[in-house]
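Participant: Below are the structure tokens for one structure; questions will follow.
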Amino acid sequence: MKEARLLIVDDEPALLHMLEKVLAKEGFTRIDTVSTAEEALEACKRQTYDLIVLDVMLPGKSGFDICPLLRAETDAPILFLTARGSDLDKLTGFALGGDDYVTKPFNPLEVAARIKARLRRNVRTAPEAGGPRAADAAAEETSEHYDYGRFQVHVQAGELRVQGQSLACPALVFQLLVFLCRHPNRIFSKQQLYEQVWGTDSYGDDNTVMVHIHRIRERIEENPGDPRFLVTVRGLGYKLVRPTAPQEVRVP
């Protein structure tokens with residue numbers, strides 16, 4: 001994880017220096033920094049990044065402006081960094097393809113913790129090459145999928161199919177759906193879902209989970225406003241309702 005390549009986009013030199021210093025102390029050595037949206041786009045065309053920290057208030061094009069263009073170049077998680085902390089701004093960031101959101105002023109150690117948590121979620125545990133059970137383990141890994149009738153989730157392939165059609169699904173949306181598929185009919189609070197999927201404390205930010213729940217419903221539900229799979233349990237949280245047919249299939 002510490003070998004991950006990071007891109008930090010911010011027009012404040014002091015902030016860039018602070019984040020570089022803190023992240024270096026946390027073991028990150030492959031860090032690129034740029035100060036404009038245009039430079040960020042060019043960097044992503046030249047280099048593959050594992051995570052992008054993107055300031056919203058940039059000169060010229062904003063972080064919100066550039067996010068869809070970055071999404072066309074990279075699947076790297078995008079962590080928005082900005083002084084604009086309203087609910088509308090957060091919802092806008094998630095709708096444009098962002099994965100997390102930290103408001104200024106912030107504790108740089110919180111940013112480092114969120115980066116590490118996000119990168120941990122991207123790590124795939126693979127069997128040791130040449131090991132006696134490597135082939136069997138790989139075959140088992142690729143067989144896990146969940147069938148909910150209207151939609152199917154193929155975990156290792158990273159694929160969501162709805163009524164036979166493959167749908168694009170951002171990484172965190174997919175990981176949240178997989179977590180719920182693995183725990184059908186169990187109620188989880190927003191805080192529990194955030195800690196399980198994002199891998200760190202929620203810091204009281206419920207909007208992140210709510211937006212991702214909505215994005216799942218937009219994909220799997222016939223009527224997202226009246227869901228029958230991913231339902232709200234008032235006062236408690238959310239649960240994914242298990243169908244009567246077996247929801248998991250493993251090929252021997």
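Participant: Collect residues whose amide H, placed 1.01 Å from N in the peptide plane, falls under 5 Å from the amide H of Arg186; neighbours closer than 5 in sequence don't count.
Facilitator: Leu240
Participant: At 7 Å along Cα-to-Cβ for each site, give me the label-to-label distance between Asp226 and Glu20 in nm.
Facilitator: Placing both labels 7 Å along Cα→Cβ, they lie 5.7 nm apart.
Participant: For Leu230, which sequence-distant residues (separation of 5 or more, or a different chain) have an amide H within less than 5 Å of its own amide H, given hydrogens modelled in the peptide plane?
Facilitator: Result for Leu230 returns Val241.
Participant: With a 1.4 Å probe and all protein chains in place, put His214, His154 in order of accessible area, largest first.
Facilitator: Descending order: His214, His154.
Participant: Between Gln196 and Thr36, what length comes free when the chain is fully extended (0.36 nm per residue of separation minus the Cα-Cα distance, one decimal in nm)?
Facilitator: This chain segment gains 54.3 nm when fully extended.
The values are calculated or read from the model by the stated rules, or taken from the named source; none is laboratory data. Bear in mind the structure is a predicted one, so any value in this text is a computation, not a measurement. Neighbour counts are summed over all protein chains in view; Cβ atoms, including those assigned to glycine, are modelled from backbone coordinates with ideal geometry. Side chains are part of the model used for accessible areas, which takes the heavy atoms of the whole protein and leaves out ligands, DNA and RNA. Shrake-Rupley method; radii C 1.70, N 1.55, O 1.52, S 1.80 Å.
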